[in-house]
Structures are given as structure tokens and as C-alpha cells.
Amino acid sequence: MIPLLHDFTGTTVLVVGGGRVGARKARRFAREARVVVVSPAFADDSEFGDVEMVRAALAPDDVDDWLDRVDPALVVAATDDGELNAAIESAATARNVLVNRTDTHGGRDPGSVVVPATVRDDPVVVAISTGGASPALSKHLRETLEEDIEGAGAMAELTGLVREELQASEVPPERRRTVVRDVVRSPDVWTVLRTGNPNLRQIAREVVADRALDEP
């Protein structure tokens, strides 16, 4: 499977299943999509986040009707009923709708997606997946990387500003790449970025003044 980042803003995600897995998936997508969760019961309403919760028991024959009602960009089959999950997957695939079946591991059909573990320091996002083979390993790697990427979001913003300043100063492209690379690899810059909320624009201007016009 090829990893991609997908923007779900303005779309609907349908989650079928009210257990812990369904709650985790619902929370993941609720940050940018409208999420509808359908289940006859919910493990804990507070675990689902800002979503629409519908108490209903779905049978395989009900799936097409729900897809018509919700018109989702993605369907998550997160029930403990293999037959129902299979019906959800089949109906979504027939409509060219992305589907994440949580009880399937390893090989998957075209149109299937795996929801990876993610580490964020916006705008930096690191995704981790074992193809569904080992969620425990994904969680372990996520926890390890959370500390490793501290400050990466600020570094991404800083290097974007440095590039702008370099272009405005008409610094040659090759020299621009060298300066940005040096900034990314500088332990001193990382230390500054991890100490709080520095003035990134000012740091960018200082970098350009100190390094950009010097000969490599």
C-alpha cells in the first residue's frame, strides 16, 4: 500500500461500530470531517469526540441505505460482526468509496485504506503503519517519535521563512539549498526552537544575514 495524506475537510466519514475501535477512528476524523457513527450501543459516549451518534442496529441489507443517506467519502467498518463488516466493505467498494475494515489484517482489496498511527507537530505529520499486522508496534513507534520530532513544526515554518528571505535577496538556488540544509542540521537552531515560541521571522532574517551571502 502507498501512504498518502488525504484532506477530508467538508466530507463525511461513516463509522459503523460503537466500541473502542470505532471511538478511536471517530476521534481521528472528527478534527476535519463530519463524522457519523452508527451503532446499537456505544462503549462510552465521551470517547467519540464531536461526532453525530446514531443508535441503530444495522444488518447487511441496511448498508446501502445508510450509504445513500450519508454519502460518505470514507466508511469505517468497526463492528464485531464479520458478516456485517464484509457487507460494508462490499457496498463501499461497489460505489468507489474508500473503506477501512478494522477486522482485516494483511492483504486488502483495492479501495481499502489503513488508518496509520500519527505523530503531529503541525505542520509536520509523521504516519506509521504496520499494514494492520501490529497495532502495538505502531503505538510504540508513535510514542518514541513524539519526543524525537519536538520542534519539527517550528523548524518547518522557519525554513519556509528562510527560503522566502533568500529568494527575496536573490540568492542563487544552489546556495539557498545549502543554507536551508545547514539550518535543518544545526543543533543550535533545534535547541532554540525547542525552548518556547521564538520569533521565527527574526531568526530567518538573522540566518540570511549571517549565512546567505557568504561563500560556501
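The values are calculated or read from the model by the stated rules, or taken from the named source; none is laboratory data. Computed from a prediction, not measured in an experiment: that's the story for all the values here. A quick note on method: Cβ atoms are made from the backbone with ideal geometry, for glycine too, and the neighbour counts reach across all protein chains shown. We work out accessible area using only protein heavy atoms, side chains counted, and drop any ligands, DNA or RNA first. Shrake-Rupley method; radii C 1.70, N 1.55, O 1.52, S 1.80 Å.
What residue, of T93, T102, is in contact (Cβ under 8 Å) with a residue 40 or more places away in the chain, crowded, with 16+ Cβ neighbours inside 10 Å and polar (S, T, N, Q)?
Working: T93 fails: in contact (Cβ under 8 Å) with a residue 40 or more places away in the chain.
After ruling out the rest, the residue left standing is T102.
Please find, within region 56-68, the residue that is farthest from G17 (Cα to Cα) out of those that are among the small types (G, A, S) and open to solvent by 30 Å² or more (accessible area, probe 1.4 Å).
Going residue by residue through region 56-68, those that are among the small types (G, A, S) are 56-57, 59.
The next check asks that each one be open to solvent by 30 Å² or more (accessible area, probe 1.4 Å); those that pass are 57, 59.
Values: A57: 9, A59: 12 Å.
Within region 56-68, the match that is farthest from G17 (Cα to Cα) is A59.
Would you confirm whether any residue within region 39-51 is part of a helix (DSSP H, G or I), surrounded by 15 or more Cβ atoms within 10 Å (Cβ to Cβ) and without any contact (Cβ under 8 Å) to a residue 40 or more places away in the chain? Talk me through it step by step, then tell me what you get.
First, the residues of region 39-51 that are part of a helix (DSSP H, G or I): 45-47.
Of the ones still in play, those that are also surrounded by 15 or more Cβ atoms within 10 Å (Cβ to Cβ) are 47.
Subsequent filtering for residues that are without any contact (Cβ under 8 Å) to a residue 40 or more places away in the chain retains 47.
Yes, because at least one residue in region 39-51 is part of a helix (DSSP H, G or I), surrounded by 15 or more Cβ atoms within 10 Å (Cβ to Cβ) and without any contact (Cβ under 8 Å) to a residue 40 or more places away in the chain.
Which ones in region 74-84 are farther than 25 Å from E32 by Cβ and open to solvent by less than 60 Å² (accessible area, probe 1.4 Å)?
First, the residues of region 74-84 that are farther than 25 Å from E32 by Cβ: 80-84.
The answer is G82, L84.
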Query raised in the report: List, please: which pairs have Cβ atoms under 9 Å, are six or more places apart or on different chains, and start with a residue in region 203-214 that is of a type in the set (V, I, T) and end with one that is at pLDDT below 85?
Result: none
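Given the criteria open to solvent by 40 Å² or more (accessible area, probe 1.4 Å), assigned to a helix (DSSP H, G or I) and more than 30 Å from R101 (Cβ to Cβ), does E147 qualify? Step through it out loud before you land on a result.
Details: open to solvent by 40 Å² or more (accessible area, probe 1.4 Å): yes; assigned to a helix (DSSP H, G or I): yes; more than 30 Å from R101 (Cβ to Cβ): yes.
So E147 fits the description; yes.
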Query raised in the report: Right, D71: open to solvent by 90 Å² or more (accessible area, probe 1.4 Å), at positive phi and modelled with pLDDT of 95 or more or not?
Result: yes
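Restricted to region 1-18, and to residues that are open to solvent by less than 30 Å² (accessible area, probe 1.4 Å) and part of a loop (DSSP other than H, G, I, E, B), which residue is farthest from D61 (Cα to Cα)? Please lay out each step first, then the result.
The initial filter retains those residues of region 1-18 that are open to solvent by less than 30 Å² (accessible area, probe 1.4 Å), namely 8, 12-18.
Subsequent filtering for residues that are part of a loop (DSSP other than H, G, I, E, B) retains 8, 17-18.
Values: F8: 27, G17: 16, G18: 19 Å.
Ranking the candidates gives F8 first.
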Report summary line: Within region 55-108, residues β-branched (V, I, T) and part of a strand (DSSP E or B) come out as V75, V76, V99
Query raised in the report: How many of the residues in region 43-56 are among the hydrophobic types (A, V, I, L, M, F, W, C) and at pLDDT below 95?
Result: 2
Query raised in the report: Can you tell me which residues in region 189-203 are open to solvent by 40 Å² or more (accessible area, probe 1.4 Å) and either touching an Asp or Glu at 6+ places or on another chain (Cβ under 7 Å) or outside any loop (DSSP other than H, G, I, E, B) (or both)?
Result: W190, T191, V192, R194, R201, Q202
**Report entry** Lone qualifier among V162, V171 - being in a helix (DSSP H, G or I), more than 30 Å from T102 (Cβ to Cβ) and open to solvent by less than 50 Å² (accessible area, probe 1.4 Å)
**Finding:** V162
Query raised in the report: Are any residues in region 116-141 open to solvent by 60 Å² or more (accessible area, probe 1.4 Å), part of a helix (DSSP H, G or I) and closer than 19 Å to A26 by Cβ, and if so, which ones?
Result: P135, K139
